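The values are calculated or read from the model by the stated rules, or taken from the named source; none is laboratory data. Remember, it's a predicted structure, so these values are computed and weren't measured experimentally. With ideal geometry, Cβ positions are generated from the backbone for all residues, glycine too; neighbour counts draw on all protein chains shown.
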Amino acid sequence: MDGLGEKTLNKIAELALSSQLKQSEKLTVEVKTDPNLLAKGMLESLAINGTGLVMQKNQRLQEMQIILKSIAVNPLKALMGNIQLRRPSQGTACIVLNEADIESAIAVETLRKQIRNYKIYLDGQKVTVDIEKVNFRLLADGKVDIKARFRIWETGQMREVCLTITPRVCATGRGVIIEDVKCSKGEELSPLLTNALIEEAKKILNLSSFQMDGISLLINKLVIQEGKLTLQAAAGITRFPTV
């Protein structure tokens, strides 16, 4: 296949994927094929590389790489600007998040509304608490520190809950479980608060905010280093995003 054909497909694919993002510092799409493959309606591979991405659900990603192999398409429609898959294709994905990326995904307002519906016992009194801020730290030993600041409505007093958790990929690969939960501060506050924080962490790490139209991700490895979290996943594509 000549360079112009690949460049055309690259541009079409890049525009389609850009439509799934709110923002990107850099996004490149590389389609590889040749005349014989294209005549059979096949693309050898499609590689998506992005940095500084903001997904439609406002989740930020430091880096994202998706590589798909043996993609069956309608060749004439593809060159006319409409990449149609004839069957699902499989590949791999790698997503890198930093601490700021994770904190940006925390639904603080949702947590606030959820917790306001409950009264908790503190120092022998029933009180209402309000989440002010949640911070994540990614540690070199593979653990995550979560620190949340709460305001006691009745007194205006500020309290903190500090948790250390260890995320693991569950046996089926269909999500993340949280193990070894340790509370180093704020144990006197209700388990409701700690459970809400843990569930929010699980939601972020389960890739629900990273999905794009027609592209699914299934986690198979999670690596935490100081300041950085890397998710490796199996990628599947059932249809190509439309512009």
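Before moving on, here are some points about what is shown:
- Residues that are surrounded by 15 or more Cβ atoms within 10 Å (Cβ to Cβ), more than 30 Å from residue 216 (Cα to Cα) and not basic (Lys, Arg), drawn from the stretch 144-159: 148, 150, 152
- Looking only at residues of the stretch 165-206 that are among the basic types (Lys, Arg) and touching an Asp or Glu at 6+ places or on another chain (Cβ under 6 Å), we find that the one that is nearest to residue 225 (Cα to Cα) is 168.
- Leading residue by the ranking (nearest to residue 176 (Cα to Cα)) among those in the stretch 127-147 that are of a type in the set (Lys, Arg) and part of a strand (DSSP E or B): 137
Residue by residue, here is whether (1) within 20 Å of residue 205 (Cβ to Cβ); (2) out of contact with any Gly (no Cβ under 6 Å at 6 or more places or on another chain); (3) part of a strand (DSSP E or B) holds:
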residue: 11; (1), (2), (3): no, yes, no
residue: 14; (1), (2), (3): no, yes, no
residue: 28; (1), (2), (3): no, yes, yes
residue: 37; (1), (2), (3): no, yes, no
residue: 43; (1), (2), (3): no, yes, yes
residue: 90; (1), (2), (3): no, no, yes
residue: 96; (1), (2), (3): yes, yes, yes
residue: 111; (1), (2), (3): yes, yes, no
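- Search result, residues across the stretch 161-201 that are under 21 Å from residue 125 (Cα atoms), surrounded by fewer than 16 Cβ atoms within 10 Å (Cβ to Cβ) and touching a residue at least 60 places away in the same chain (Cβ under 8 Å): 188, 192
- Residue satisfying condition, being out of contact with any Leu (no Cβ under 9 Å at 6 or more places or on another chain) and of a type in the set (S, T, N, Q), within set 89, 70, 104: 104
- Among (1) closer than 28 Å to residue 60 by Cβ; (2) under 27 Å from the mean Cα position of the chain (by Cα) - the single one residue 151 does not satisfy: (2)
- Qualifying residue in the stretch 60-67 (condition: more than 30 Å from residue 179 (Cα to Cα), in a strand (DSSP E or B) and not β-branched (Val, Ile, Thr)): no
- Elements of the type strands (runs of 3 or more DSSP E) sitting completely within the stretch 148-243 and holding at least 2 residues that are within 28 Å of residue 18 (Cα to Cα), outside the structural domain of residue 111 (by TED's automatic domain parsing) and aliphatic (A, V, I, L, M): these cover 215-225, 228-237.
- Residue ID - nearest to residue 214 (Cα to Cα), chosen from residues in the stretch 42-70 that are modelled with pLDDT under 85 and surrounded by 17 or more Cβ atoms within 10 Å (Cβ to Cβ): 55
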